[in-house]
Each structure stands twice: as structure tokens, then as C-alpha cells.
1. Exactly one of these conditions fails for residue 153: (1) within 13 Å of the chain's Cα centre (by Cα); (2) closer than 18 Å to residue 318 by Cβ; (3) assigned to a loop (DSSP other than H, G, I, E, B); (4) not polar (S, T, N, Q). Give me its number.
2. Do we have any residue at all in segment 51-69 that's modelled with pLDDT of 80 or more and assigned to a helix (DSSP H, G or I)?
3. Which numbered condition trips up residue 244, out of (1) in a helix (DSSP H, G or I); (2) touching a residue at least 40 places away in the same chain (Cβ under 8 Å)?
4. Using the structure shown, decide if residue 301 is hydrophobic (A, V, I, L, M, F, W, C), over 19 Å from the mean Cα position of the chain (by Cα) and within 30 Å of residue 100 (Cβ to Cβ).
5. Within segment 126-137, take every residue that is buried (at least 22 other Cβ atoms within 10 Å of the Cβ) and aliphatic (A, V, I, L, M) and give me the one that is nearest to residue 190 (Cα to Cα).
6. Would you be able to tell me the number of residues in segment 1-36 that are within 33 Å of the chain's Cα centre (by Cα), at pLDDT 70 or above and assigned to a loop (DSSP other than H, G, I, E, B)?
7. Just checking, does segment 172-185 include any residue being over 28 Å from the mean Cα position of the chain (by Cα), over 15 Å from residue 272 (Cβ atoms), modelled with pLDDT of 95 or more and in the same structural domain as residue 247 (by TED's automatic domain parsing)?
8. Which residues, counting only those in segment 99-124, are part of a strand (DSSP E or B) and surrounded by fewer than 23 Cβ atoms within 10 Å (Cβ to Cβ)?
Amino acid sequence: MTNVNKKQIRKVAEKAGVSVATVSRVLNNYPFVKDETRARVTDVIKKYNYSPSYFGRALSKKRSENICLVIPMNFSTDSQYFMDILRGMTEAIAVSSYNLLFPPVCSDEHFMQNVADKIDSAVFMAPPVNDKKISLLKEAGKPVVVINSRIEDAPRIDINNRKAVRKMMNYLIKLGHNKIGLIAGYLKSPNAAERLDEYKKTLYENNLQLKKEWVLNGDYETKKTYKKVRNLFSGGKEKPTALFACNDTMAISAIKALKDSKIRVPEDITVTGFDDIFIARYTSPSLTTIKQPFIDMGSKAVESAIALMNNKKLDSEEIILDTKLIVRQSSKEIK
């Protein structure tokens with residue numbers, strides 16, 4: 001939406017005595033708008049002849065039938081995480097009458113000017129909480145669904161991160177590990193921050209020490225993780241007996257760093273991951289991890305977006321899917 005259209009929407013809201021969001025809902029034929037309010041907004045648009053090309057299109061109830069997939073900046077599209085969620089989305093799209101658009105990552109302004117008018121809804125994959133595209137789309141009355149994140153007033157498809165972290169931490173503690181390090185993800189992501197917080201809580205509840213130097217900020221990046229693990233295990237500093245990485249690619253990178261430091265996994269240290277990407281079962285050693293249902297996340301995100309596009313109320317604003325502890329060769333009991 002151009003700046004002119006934004007100004008016009010605000011003027012319509014002011015003259016009709018309603019909020020900008022209400023005008024957007026009327027323009028995009030959202031339910032739960034009182035008939036009296038809808039008529040008042042429509043009358044103002046017609047009376048003042050605001051941007052006929054834009055408002056006229058919205059009021060004519062034409063739709064693009066397009067759902068847009070949006071990913072964050074610097075997001076790896078060759079990751080198993082991305083591919084599995086995309087697979088779930090395409091499977092759901094295939095049995096519908098809708099289309100899936102995947103535009104290149106771009107600025108907020110470019111997105112709103114060149115993409116927003118071509119879609120009826122959007123699915124955001126792991127967006128940061130301050131993603132401006134989401135607020136702009138919501139202001140324009142376009143339904144938004146988020147995967148693996150938390151955005152105010154946006155339906156989300158996710159897992160219970162605290163429960164999943166606790167599942168892995170309890171497993172490691174039962175193996176006898178009382179010196180557990182964490183490789184954290186990108187901490188501007190609500191899920192990554194929550195995993196770090198639950199790790200700390202589990203240590204505290206089990207009277208285990210929390211050492212700051214054992215918490216590595218890997219940012220979901222393999223090169224950064226490799227360097228930080230090599231640094232942690234150099235010199236004569238006290239070392240953890242287990243490393244819990246908040247995704248599998250960081251865990252695999254950590255194993256490589258440990259091997260290059262002549263440290264054996266799992267004989268000398270246990271390493272575990274999070275996600276259960278396809279390659280996790282084929283690494284050497286195979287990776288103990290938490291399985292996320294990525295394909296289901298993708299399909300349920302599309303189903304939710306389609307429901308919202310058709311003015312249907314969702315059974316729940318949150319769909320929380322189960323995770324599973326997958327035990328393989330990279331973990332070992334301390335005797």
C-alpha cells in the first residue's frame with residue numbers, strides 16, 4: 001500500500017469515527033464488523049471519492065487467491081527446517097484452490113508496494129517480534145499466520161519450547177551430566193530466547209551450576225558455532241560434559257569442532273541437538289535430538305491462513321504440536 005493510501009485510510013477512519021484497523025477490516029471483507037459500522041465506512045469512501053482504484057478494488061470483493069510465505073533476512077533456504085515446512089505448505093496448497101507465493105527477501109517498503117496487493121494472506125516463518133511487515137499487513141487487513149514465533153494478535157503454529165528443552169535437559173541429567181552447556185540460537189527470536197530461559201530454569205531447579213562461559217551464542221550459524229566451541233575447549237578451563245545445541249546444524253558444527261580438537265563424541269563429551277533434520281541420523285556419531293514436526297507446521301499454517309481468508313473463526317489462535325526425544329549415538333551415560 002502506498003503512503004497516499006495509508007493517509008486516505010486514516011482520513012476515512014477519522015471521518016467515519018472508527019479505527020484504522022476497522023477501515024482495513026471493512027476493505028478486506030473481514031467478519032465481526034457491525035453492519036452499521038461497515039455501512040458508515042463505505043459511505044465515507046463513496047462520499048469523498050477516496051482513491052477509487054484502491055478502495056474500489058477492495059470493496060468489489062476481488063481476491064488474488066494467493067498466500068505468501070515470508071522468511072526473515074539472512075535466512076537459509078537450503079536448510080532442512082525450511083524445506084520441510086515448505087513441503088508441508090505445498091502439500092496443503094495442492095489440495096486447495098489457492099496459490100503459494102514465495103517472493104525474494106526484501107525491504108518492508110518494497111514488500112508493501114510490490115507484494116502486499118498481490119496476496120490475500122501471509123505465513124511468516126520464524127519472524128522476529130519487531131517484523132514491520134506483519135504490522136503493515138495487519139493494518140491493511142490481511143490475515144497473518146506465524147510459525148515458530150510469537151506475534152501479538154497473530155495466530156501461531158508452534159511447539160512448546162519449554163517442554164521440549166526440559167525433555168532434553170532431564171534426559172541429560174538422568175545420564176549423570178551435571179555440567180551442561182548450551183549453544184543458543186538467534187536470541188531476537190522468541191523461541192530461541194525461551195529455550196535459553198528454560199535451560200537456565202532447569203539447571204536452577206536441579207541445583208546445577210550455570211557457568212556463563214558454557215552458554216555459547218551460536219545464532220543458528222555453523223561457522224560461529226564452530227569457532228566458539230573450539231575456543232571453549234582450548235586451554236585448561238573447566239569444561240562441560242554435555243553440550244545441548246538449540247538446533248541440529250549447530251550440534252553438527254559443534255561435533256566437527258570437537259573432533260578437530262581431538263575430543264571424542266560421545267566418549268569424552270555428549271552433544272545433542274534440536275529439530276531432527278534428515279541428516280541427523282547419518283552424522284558420525286548419529287545425533288540425539290528433539291524432533292519438531294515441521295511438515296505438519298507448514299500444512300497447518302496454510303490451513304489456518306485459508307480459514308482466515310474465508311472469514312472463518314479458528315478453533316484456537318495457537319496450534320501447539322508435540323515434540324519427541326530421539327536418542328541416538330551422540331549421547332552417553334556418565335558412570
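The values are calculated or read from the model by the stated rules, or taken from the named source; none is laboratory data. If you're wondering where the values come from, they're calculated on a predicted model, not measured in any experiment. As a convention, Cβ positions derive from the backbone with ideal geometry for all residues, glycine included, and neighbour counts pool all protein chains shown.
1. Answer for residue 153: the failing condition is (1).
2. Narrowing segment 51-69 to residues modelled with pLDDT of 80 or more: 64-69.
Add one more test, that the residue is assigned to a helix (DSSP H, G or I), and what stays is none.
There is no residue in segment 51-69 that is modelled with pLDDT of 80 or more and assigned to a helix (DSSP H, G or I).
3. Failing condition for residue 244: (1).
4. Numbers: hydrophobic (A, V, I, L, M, F, W, C): yes; over 19 Å from the mean Cα position of the chain (by Cα): no; within 30 Å of residue 100 (Cβ to Cβ): yes.
When the stated conditions are applied, residue 301 does not pass them.
5. Filtering segment 126-137 for residues that are buried (at least 22 other Cβ atoms within 10 Å of the Cβ) and aliphatic (A, V, I, L, M), the one nearest to residue 190 (Cα to Cα) comes out as 126.
6. Count: 3.
7. Taking every residue of segment 172-185 in turn, at least one turns out to be over 28 Å from the mean Cα position of the chain (by Cα), over 15 Å from residue 272 (Cβ atoms), modelled with pLDDT of 95 or more and in the same structural domain as residue 247 (by TED's automatic domain parsing).
8. 99, 100, 101
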